[in-house]
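Asks: Next up is a structure, given as structure tokens.
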Amino acid sequence: MAMPGGLACPKSLIRFWGIPGVWLYNTITIKRSFIEHQGVRVTPIGVLISILLLLVLAAMLFPLTMSDGRYSPRTHCLSNLKNSALGCIMYASDYDDRMPMADQWADLTSKFRRSEGVLHDPALGKNEYGYAFRNRASSMAISSVKKPMSFILMFDSTVRGRNAQSELWSLPYPGRHSGSNNGVFLDGHAKSKIGIPPERTQK
């Protein structure tokens, strides 16, 4: 099959892939001709692999840039929660490696946060908070935790208030964000879909 520009496409490609296959073949052929003209040798397979890698990257980034709001609240919440938790970790670096008191964590860490707005879960009302500080972490020395990457420090909670404190039993069930909950660990990494304790799933 001849296309504009005098390029020919194999019949087998037309039979199995149709017009998209013809377009892709001609795109690769044109790119190859241009690059070879510049003195660089390239194969159609190399160009095809590059295109596929770009498509995979686009598929990974697409959910984060959706504008319909399906993913935005969860991502926004994860960012707010992480900023709040990092404020507590930064507090500890200034106070002998010890976390703030659980019942005052939001007040004591105000200077380490980006803004007051990060204390609010966007999935709730403007005056709602929705994040809880782990009771067990109250005045705790970070160095006393053997596996900080496994210790949940802050999380979505049904206990709402500026200085909310609780344990994991207060995780919303079902999860607040499309059935899942967000949490931040003692090493500073944030995670969505954190596990819900068995007692919260029992009716």
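The values are calculated or read from the model by the stated rules, or taken from the named source; none is laboratory data. Note that the coordinates shown come from a computational prediction; the quantities given were computed from them, not determined experimentally. We place every Cβ from the backbone using ideal geometry, glycine too, and count neighbours over all the protein chains shown.
Asks: Condition (residue is among the polar types (S, T, N, Q) and modelled with pLDDT of 75 or more) applied to region 37-45: is it met by at least one residue? So that I can check it myself, show each step before the final result.
Replies: Of all residues in region 37-45, those among the polar types (S, T, N, Q) come to 38, 43.
Remaining after also requiring modelled with pLDDT of 75 or more: none.
No, region 37-45 has no match at all.
Asks: Also, quick follow-up: Among the residues of region 112-132, is any buried (at least 20 other Cβ atoms within 10 Å of the Cβ), in contact (Cβ under 8 Å) with a residue 60 or more places away in the chain and under 27 Å from residue 177 (Cβ atoms)?
Replies: The answer is no; no qualifying residue exists.
Asks: On the given criteria, is residue 122 under 18 Å from the mean Cα position of the chain (by Cα) and on the phi < 0 side of the Ramachandran plot?
Replies: Against the criterion (under 18 Å from the mean Cα position of the chain (by Cα) and on the phi < 0 side of the Ramachandran plot), residue 122 qualifies.
Asks: Okay, next question. Scanning for something of a type in the set (Asp, Glu) and modelled with pLDDT under 75, does region 56-69 turn up at least one residue? Before you say what the answer is, go through the steps one by one.
Replies: Pass one, region 56-69, residues of a type in the set (Asp, Glu): 68.
Pick out the ones that are also modelled with pLDDT under 75 and you get 68.
Looking for residues that are of a type in the set (Asp, Glu) and modelled with pLDDT under 75, one finds at least one in region 56-69, hence yes.
Asks: I'd like to check something: does region 138-151 contain any residue that is surrounded by fewer than 15 Cβ atoms within 10 Å (Cβ to Cβ), without any contact (Cβ under 8 Å) to a residue 12 or more places away in the chain and under 19 Å from the mean Cα position of the chain (by Cα)?
Replies: First pass over region 138-151, keeping only residues surrounded by fewer than 15 Cβ atoms within 10 Å (Cβ to Cβ): 139, 141, 143-144, 146-147, 149-150.
Now drop any that are not without any contact (Cβ under 8 Å) to a residue 12 or more places away in the chain, which leaves 144, 146-147.
Subsequent filtering for residues that are under 19 Å from the mean Cα position of the chain (by Cα) retains none.
Checked region 138-151: no residue is surrounded by fewer than 15 Cβ atoms within 10 Å (Cβ to Cβ), without any contact (Cβ under 8 Å) to a residue 12 or more places away in the chain and under 19 Å from the mean Cα position of the chain (by Cα).
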